[in-house]
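A short reminder: the numbers here are calculations on the coordinates, not readings from a lab. Here the structure is a predicted model, which is why all the values come from computation and not from measurement. With ideal geometry, Cβ positions are generated from the backbone for all residues, glycine too; neighbour counts draw on all protein chains shown.
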Amino acid sequence: MTLDSGIFERPLRVAIVGSGPSGFYAADPLLKSERPAAVDMFDRLPTPFGLVRGGVAPDHEKIRNVTRVYERIADRPGFRFFGNVTIGRDLDLADLRQHYDAIILAYGAETDRAMGVPGEDLPGSYTATSFVGWYNGHPDYRDAVFDLQQEAAAIVGVGNVAMDVARILAKTVDELRTTDIATHALEALAESKVREIHLIGRRGPAQAAFTALELKEMGRLVACQPIVDPAALALGPRCEEELSDNNRARNLELLREFAAAPDRNAPRRLYFRFLESPVALEGNGRVESLRLGRNRLEGNEPFKQWAEPTGETFDLPCGLVFRSIGYRGIGIPGIPFDQKRGVVPNVAGRVTDSNGIVPGLYAAGWIKRGPSGIIGTNKPDSLETVERIWEDREALPPCPRPDPEAIPALLASRGVRYVTMADWRQIDAAEQAAGAASGKPRERFTRVADMLAVLDGPGATSDTASDK
């Protein structure tokens, strides 16, 4: 075999679509392996790190420190980053097939699941994804508008994202001022009139998906008191058995502390509500109330109980509703996609279609398994996928054009302004410098054009940079 045609006489060429945790955790074992590999990572944004940058709440800076690990992975020989490149538009699957032996889809889950109830599209009804992206300065949500002049907000869901939304609504501007929250969000939150926040779970307190660390923070808010009805914490025998899970047991302990705490007359209140599900959003031209149905738990097996409607409903007055009931992946043209589950169909990371395994095509992270787990959960998940690639290596059809310079040339020929890792570090330094001037960790660029303008040198503005 020659160098151009022999997959065993050159590094295995791997394209990773997505630069979040699952993408970097896939790149890591590929680049550390004794079997040589070259990794090109693509992201539609100029900035890497996926939800670690765009989804982690600004007051959780320590969680973002995991990007230091990803930076070290990016420094390894054989790694390249191509930001500001959209797969399915700037490059398609056929292009990747031409230049890579294996392709790993690791682009996560970008949208929210719908509640599927009447009135869900009324003004005043929002997705948690849009709100999180908005306060984190994600370019997709830079121009989103949220009516924070309402006094009561309801958040449907009891996971960590729902807790983030509740906490950002509940915190004072002074509590947020020294974080890297987007300035446009800080200014809007400073004018917020939200005083009541209702966090709504369809099952009971023992089944809540938030972590105890997230819950504990709610007891430390300067101007907001968590409110829990003691009667809501009564547990059945199956729920008691579920407390064998340490996080669930700690959650219940904290909720009981909240329920027993004296009223400190805080200006804002956060109500934890359980065994309730949305039935409809109602209002004349905008959301004015959320109709909720009461549930009971059914099932005799611990950890497998479900919420069964009792038929009783009631209205909760509120002008804001955020749904936070899970993320959902989206498809890429030419790539198999399970519309019902919102994932790329696969077996242990090997992508499948109606004919079986698709050679050379793999998945990792949320687009592989669905939106579950924490950041660290992606590490073994991505390793499983990489192990499948090594197992398949002898059967992989060699790409026709393995020349490393072919992809940059192809992008240039199509007029695509791609961003390298060195470019990202220049953007990163500019954000940190701007933040230092106002006592923040960074001041985020919230438009792609402004990010690219940094790379054009002094005097460049968003008017001279191409905002794709």
Handout entry: Long-range amide H partners of Val343 with built H, under 5 Å
Key = Asp338
Fill in the blank from the handout: By the Cα gyration tensor axes a ≥ b ≥ c (a/c under 1.5 gives rounded; else a/b larger than b/c gives prolate, otherwise oblate), the shape of region 357-468 is oblate
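Going from the alpha-carbon gyration tensor of the chain, what semi-axes, largest first and in whole Å, does one get by taking the root of 5 times each eigenvalue? Could the numbers behind the result be given before it?
On the way: eigenvalues 342, 148, 76 Å².
Computed over the chain, the values are 41, 27, 20 Å.
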Handout entry: Signed unit charges on C-beta, dipole axis of the chain, positive-most listed residue Phe210, Val344, Ile103
Key = Phe210
Handout entry: Amide H contacts of Ala38 (H built 1.01 Å from N, under 5 Å, at least 5 apart or other chain)
Key = Leu12, Arg13, Val14
Practice task
Taking the Cα centre of the chain as origin, work out the dipole magnitude from +1 charges on Lys and Arg Cβ and -1 charges on Asp and Glu Cβ, in debye rounded to 20.
Solution key: 400 debye
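With runs of 4+ DSSP H residues as the only contributors, calculate the mean residue ellipticity of the chain at 222 nm using -39,500 (n - 2.57) per run, divided by the residue total and rounded to the nearest 500. Don't skip to the answer; put the middle values down first.
Values: 17 runs with 146 residues, N = 468.
Rounded to the nearest 500, the figure is -8500 deg cm²/dmol.
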Exercise for the section: Would you give the gap between the C-alpha center of region 117-150 and the C-alpha center of region 199-223, rounded to a whole Å? Expected result: 22 Å
